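What follows is a single structure, written as structure tokens, with notes after it.
Each value in this text was obtained by applying a stated rule to the coordinates, not by laboratory testing. None of these values were measured; they are calculated from a predicted model. Quick reminder, even Gly has a Cβ in these numbers, built from the backbone with ideal geometry, and neighbours come from all protein chains shown.
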Amino acid sequence: MSKVKFGVLGAGGIARRKTIPGMLEAENIELAAVMDVVGIDEIAAEFGVAKAYTTVEEMVGDPEIQAVYIASPVFLHLPQIEACAKAGKHVFCEKPLTMTSGETERAIAVCAENNVFLQEGYMMKFHGAHQTIKQILEEGRIGRIVYMRAQLSCWYPPIPGAWRQDPDQGGGGALIDMATHLYDLLEYFAGDIKKVVSLTGNLVQDYKSEDSSTTLLEFADGAHGTVDSFFCVPDESSRTRLEIYGSKGSIFTEGTIGQSTEGTAEGIFGLGEGGYDATQNKDVANTFQPIEFPAVNPYTAECAYFADCILKGEAPELNSGANALHIMQVTEQAYASARDGQVKNL
């Protein structure tokens, strides 16, 4: 068997815009069926898929389907994961995996009980720039990581029925929907988050979910980080920057965070050996060099990775159930910190 036959639950939204097109580029995947409660015939025709379902039961009952990608609203994830696992289907589910850490533990358990693999949809670590940066960091080219900053914001005005704007359906707003992507990415570079302090609020939008979040992080080796994610910043005014500062240099990117394949990256290396410069002339131009990286569709890469794990019979290490549980615990502590103003330890 050289291809895994996938079905998609919740084939509109992110699945239609990004993941299905990415999946179709993967050499080890066959898109066999799609499911949604509305517009499914149009979606099936768009991607040339023969089977179009309107219920979860139809999808999981299809004996040809080996794995299911879930891209439905978050409050539906756990029951759909359970249905897929009990039907013997491997599960690749969008982030956040579930609404709570307790639900995540149940999702992990039901997949283990039914001998199916589970992977969560944090695709940014698969971006070509971030893979290249990971290698640079492991080579020690910027020395010890001291501080990281990552930003991901968008303009998300009130939309009737939008589940991300209702915490009962999405678990929260800008923090759980976007900041979690950056928690996961920064941990990929610097290891586990050990302390978290967070601010959340509604600065512009008036829906129930927060439109604003800023998080201060401390990592296992002591490095600091900040994550800023907002639903009230116009898309054109945010450069989605990633900044990584070390004892011997730094790395900056623009446009690599988000749903894109491209962006730019640059770095400066080989510093930290000189003496103290008392003049502190910060207007002097520094010599940053471009960082070349391969153009990788992160959606194709994350789907192909999961399919490869299935074909090899090896559980995924990237975006595993254990990683999903850890990120959810970080998320819950971030929300708790926003409520009481206290530093939270993990």
A student applying the Cα gyration tensor rule (rounded when a/c is under 1.5; otherwise prolate if a/b is larger than b/c, oblate if not) would label the stretch 4-116 prolate
Nearest 10 degrees is fine. How inclined is helix 128-138 to the longest principal axis of the chain, computing both from alpha carbons? 50 degrees
Using 0.36 nm per residue, how much length does the chain from E58 to V146 gain when fully extended, once their Cα-Cα distance is taken away? 26.6 nm
Put a dot 7 Å past each Cα toward the Cβ at E25 and T279; how far apart are the dots in nm? 4.7 nm
The stretch 159-223: Rg/Rh from Cα coordinates, Kirkwood Rh? 1.06
Farthest positive-ward along the chain dipole, Cα basis, beta-carbon charges - from I268, S212, G258: I268
Using eta = 1.306 mPa s and T = 10 °C, Stokes-Einstein with Kirkwood Rh from Cα pairs puts D for the stretch 129-288, in µm² s⁻¹, at 93 µm²/s
Among G263, G275, G121, the residue with the largest mean-square fluctuation in a Gaussian network model of the chain built from Cα contacts under 10 Å is G275
Restricting to Cα pairs under 8 Å and 6 or more apart, the percent relative contact order of the stretch 4-116 works out to 25 percent
The stretch 3-66: translational diffusion in µm²/s, Stokes-Einstein, Kirkwood Rh over Cα pairs, 37 °C, 0.692 mPa s: 286 µm²/s
GNM of the chain, Cα pairs under 10 angstrom: of P79, P298, P63, the biggest fluctuation goes to P63
Dipole magnitude of the stretch 4-116 about its Cα centre, charges +1 at Lys/Arg Cβ and -1 at Asp/Glu Cβ only, in debye to the nearest 20? 220 debye
0 to 90° range, to nearest 10: angle between helix 321-340 axis and the chain longest Cα axis: 60 degrees
V37-E254 pseudo-label distance in nm [points 7 Å out on the Cα-to-Cβ vector]: 4.2 nm
Please identify every one of the GluC sites (Glu not before Pro) in the stretch 97-168 that sits in a loop by DSSP and has no more than 13 other beta carbons within 10 Å of its own beta carbon. E139
Quick one: Cα convex hull volume of the chain, Å³ per residue? 147 Å³
